[in-house]
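A quick write-up on the structure given underneath.
The values are calculated or read from the model by the stated rules, or taken from the named source; none is laboratory data. From a predicted model like this one, the values you see are computed outputs, not experimental measurements. Note: ideal-geometry Cβ built from the backbone for every residue, glycine included; neighbour counts use all protein chains shown.
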Amino acid sequence: MDRISLKTAAKEQIKGKIGILFIISIIVVGISFIAGMILGFIPFIGGIISSIFITPAFSLSIVLVYLKVADGKTPVAGDAFEGFYDFWSAFKVTFFVNLFTTLWSLLFIVPGIIKSFSYSMAMYILAENKGMSALEAINKSKAMMDGKKMDLFVLGLSFIGWSLLCFITFGIASIWVVPYMSATYTNFYKALKPVETIEATETVVE
């Protein structure tokens, strides 16, 4: 997989959209922070409410935003809430991905990391297939990532310098770097779609 092409395309896709992408990020981070503070006063239940209704839905929203960007469209501020229209599916994908990754990590850290790459496309698949079950999305992600996990790992390593830049600029550089990285990962997903040939089922999850 040509990382340079994915990253070059991402730079073009976010050009002229940094402002709105920053606004969407502020909405997501701001609401998550405020909700976390408020729900934090509710022992135990508060954290459960946040993990079910807020975090997964916003994760789906961000995926939907960058899929739109990858298609050459300009998102709007309201797209920050798109994931809430299917928050239950987003929660189930998040729950099962975390569960399976944790179970594999109990064996050793490395298997857990490898499986996290296997499941990494599940939210993208869910975003483009409304009504698909969480387990089916996870299985399709496994099929899609078969033989591609190292590519994703190396792609992540290629952003180390940019992450360092964000650190030394006290987060200011992230205004551009985060959209750049997010768009690149979305392009990675879209590049994998044509080679998906394995039909996943709900009953086979590792």
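For residue 69, are the conditions met, namely being over 15 Å from residue 178 (Cβ atoms), of a type in the set (A, V, I, L, M, F, W, C) and in contact (Cβ under 8 Å) with a residue 24 or more places away in the chain? Against the criterion (over 15 Å from residue 178 (Cβ atoms), of a type in the set (A, V, I, L, M, F, W, C) and in contact (Cβ under 8 Å) with a residue 24 or more places away in the chain), residue 69 does not qualify.
Regarding residue 85, is this residue in a helix (DSSP H, G or I), over 18 Å from residue 34 (Cα atoms), in contact (Cβ under 8 Å) with a residue 24 or more places away in the chain and aromatic (Phe, Trp, Tyr)? Taking the combined requirement at face value, the residue does not satisfy it. Among the residues of the range 41-61, those identified as part of a helix (DSSP H, G or I), surrounded by 12 or more Cβ atoms within 10 Å (Cβ to Cβ) and at pLDDT below 80 are 46, 47, 49, 50, 51, 52. Residue selection: residue 32 fails the criterion of being under 30 Å from residue 7 (Cβ atoms), hydroxyl-bearing (Ser, Thr, Tyr) and in contact with an Asp or Glu (Cβ under 7 Å, 6 or more places away or on another chain).
Out of the residues in the range 101-131 that are modelled with pLDDT of 95 or more and hydrophobic (A, V, I, L, M, F, W, C), which is nearest to residue 186 (Cα to Cα)? Ranking the candidates gives 121 first.
Among the residues examined, residue 38 qualifies as over 18 Å from residue 181 (Cβ atoms) and either surrounded by fewer than 19 Cβ atoms within 10 Å (Cβ to Cβ) or at pLDDT 95 or above (or both).
Only one entry in 175, 114 is outside any loop (DSSP other than H, G, I, E, B), in contact (Cβ under 8 Å) with a residue 24 or more places away in the chain and within 25 Å of residue 29 (Cα to Cα), namely 175.
Part of a helix (DSSP H, G or I), free of Cβ contacts under 8 Å to residues at least 12 places away in the same chain and under 18 Å from the mean Cα position of the chain (by Cα) - does that describe any residue in the range 128-137? Looking through the range 128-137, none of the residues is part of a helix (DSSP H, G or I), free of Cβ contacts under 8 Å to residues at least 12 places away in the same chain and under 18 Å from the mean Cα position of the chain (by Cα). Scanning the range 52-61 for residues that are under 13 Å from residue 85 (Cα atoms) and either under 14 Å from the mean Cα position of the chain (by Cα) or free of Cβ contacts under 8 Å to residues at least 24 places away in the same chain (or both) yields 54, 56, 57, 58, 59, 60, 61.
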